[in-house]
Amino acid sequence: MASPSSPSCKHRMLLLALLVLAAVASSTIAAAYLYDDLKVTWGSGCSYFYMDGGDVDTLALCLDRSSGSGFSSNGSYLYARYDMDIKLVANDSAGTVATFYLMPDDVPWEYHDEVDMEFLGNATGEPYTLHTNVYVNGAGGREQQFQLWFDPTEDFHTYSIEWNPKYIIFLVDDTPIRAYKNDRARGVPFPTWQSMRAEGSLWDAEEWATQGGRVKTDWAQAPFYAYYRNFRVTPCVPSPGVAWCGDEPPESAWFDQRLDAAKLVRVQAENMIYDYCVDQKRFNDTGFPVECTTA
């Protein structure tokens, strides 16, 4: 057997030490990833970062009687895919709204773009509603709503917004639920020039969130928590020979591969509960927006 001072033993001890250091460094990077990329920007002092299971950095956003809370990503991008794993408020979450959305910095409201995913709380035992919207130059009103096909409070699920020059695609566990198309030839409004950050929040919207505001927030259940982790950003990649995504020709089919049309049709048929593009009462006097009409 080699003695502790032998070269082979020293080599093994050095290798073991390096492996330990590498493991610690790797763990530190993984643990600090969410904290490094996100910051809590407003709200209740009961929001906090913590290690879930010992190795997953998680942000718990809090809503209590005094305040909700929110976060923002440190980086902003012009065209990218944003992914976040979220576990929503459990039990009686009526009146609460958890969000994951894109927003630019310091742009006047009348010019700002925004892409929203809002999770409307429920009375115990009822399904969550996912409310989506797209704002362009300060104008929204492009709502589609879906009932989730699983209990989003039992575990984390991945919610994604893919924004490229041709589509804004909303996805749940990598399944597309909505695609908003950039139809420049027909004058469809589409965000094309403002870099946007990922943001999230948990707030009280009892005046409209649950059954149109008929079910109010039960503050005896507070504080409420929604949990966020594994934030990822994948910048847009253009087709070969194109310098950047903004130069992608309108006729290019490069970004069509990002959209699974068959899955989209199925989910919309089975899970969509509101679509502004078929709301006859709402647009009876003005006519439907251009993106709702066929070419």
Hey, does segment 256-273 have a residue that's touching a residue at least 24 places away in the same chain (Cβ under 8 Å) and touching a Lys or Arg at 6+ places or on another chain (Cβ under 6 Å)?
no
Segment 54-98 - residue that is among the small types (Gly, Ala, Ser) and within 28 Å of Pro165 (Cβ to Cβ) and, of those, surrounded by the most Cβ atoms within 10 Å (Cβ to Cβ)
Ala80
Examine segment 89-104 for a residue that is of a type in the set (D, E, K, R), under 30 Å from Pro191 (Cβ atoms) and at pLDDT 90 or above, and state whether such a residue exists.
no
Restrict the check to segment 217-224 and report whether at least one residue is crowded, with 17+ Cβ neighbours inside 10 Å, within 28 Å of Ile168 (Cα to Cα) and out of contact with any strand residue (DSSP E or B) (no Cβ under 6 Å at 6 or more places or on another chain).
no
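From the list Cys277, Cys292, Cys245, exactly one residue is touching a Cys at 6+ places or on another chain (Cβ under 9 Å), surrounded by 13 or more Cβ atoms within 10 Å (Cβ to Cβ) and closer than 30 Å to Leu38 by Cβ. Which is it?
Values: Cys277 fails: closer than 30 Å to Leu38 by Cβ; Cys292 fails: closer than 30 Å to Leu38 by Cβ.
Answer to the selection: Cys245.
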Within the set of pairs 6 or more residues apart or between chains, which connect a residue that is buried (at least 20 other Cβ atoms within 10 Å of the Cβ) inside segment 99-126 to a residue that is polar (S, T, N, Q) and modelled with pLDDT under 90 with Cβ atoms less than 7 Å apart?
Leu120/Thr210; Gly121/Thr210; Asn122/Thr210
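In the list Ala205, Ala185, which residue meets the criterion of being in contact (Cβ under 8 Å) with a residue 24 or more places away in the chain, surrounded by 14 or more Cβ atoms within 10 Å (Cβ to Cβ) and more than 13 Å from the chain's Cα centre (by Cα)? Spell out the reasoning first.
Details: Ala185 fails: surrounded by 14 or more Cβ atoms within 10 Å (Cβ to Cβ).
The unique qualifying residue is Ala205.
So, in segment 149-167, of the ones that are crowded, with 20+ Cβ neighbours inside 10 Å and of a type in the set (A, V, I, L, M, F, W, C), which residue ends up farthest from Ile273 (Cα to Cα)? Steps first, answer last, please.
Just the residues of segment 149-167 that are crowded, with 20+ Cβ neighbours inside 10 Å, to begin with: 152, 159-166.
Subset that is of a type in the set (A, V, I, L, M, F, W, C): 161, 163.
Values: Ile161: 20, Trp163: 23 Å.
Residue satisfying both the conditions and the ranking: Trp163.
Residue check: is Val267 β-branched (Val, Ile, Thr) and in contact with a helix residue (DSSP H, G or I) (Cβ under 8 Å, 6 or more places away or on another chain)? Steps first, answer last, please.
Working: β-branched (Val, Ile, Thr): yes; in contact with a helix residue (DSSP H, G or I) (Cβ under 8 Å, 6 or more places away or on another chain): no.
Taking the combined requirement at face value, the residue does not satisfy it.
The values are calculated or read from the model by the stated rules, or taken from the named source; none is laboratory data. What you are looking at is a predicted structure, and each value in this text was computed from that prediction instead of being measured. Counting neighbours? That spans all protein chains shown, and the Cβs are built from the backbone with ideal geometry, glycine included.
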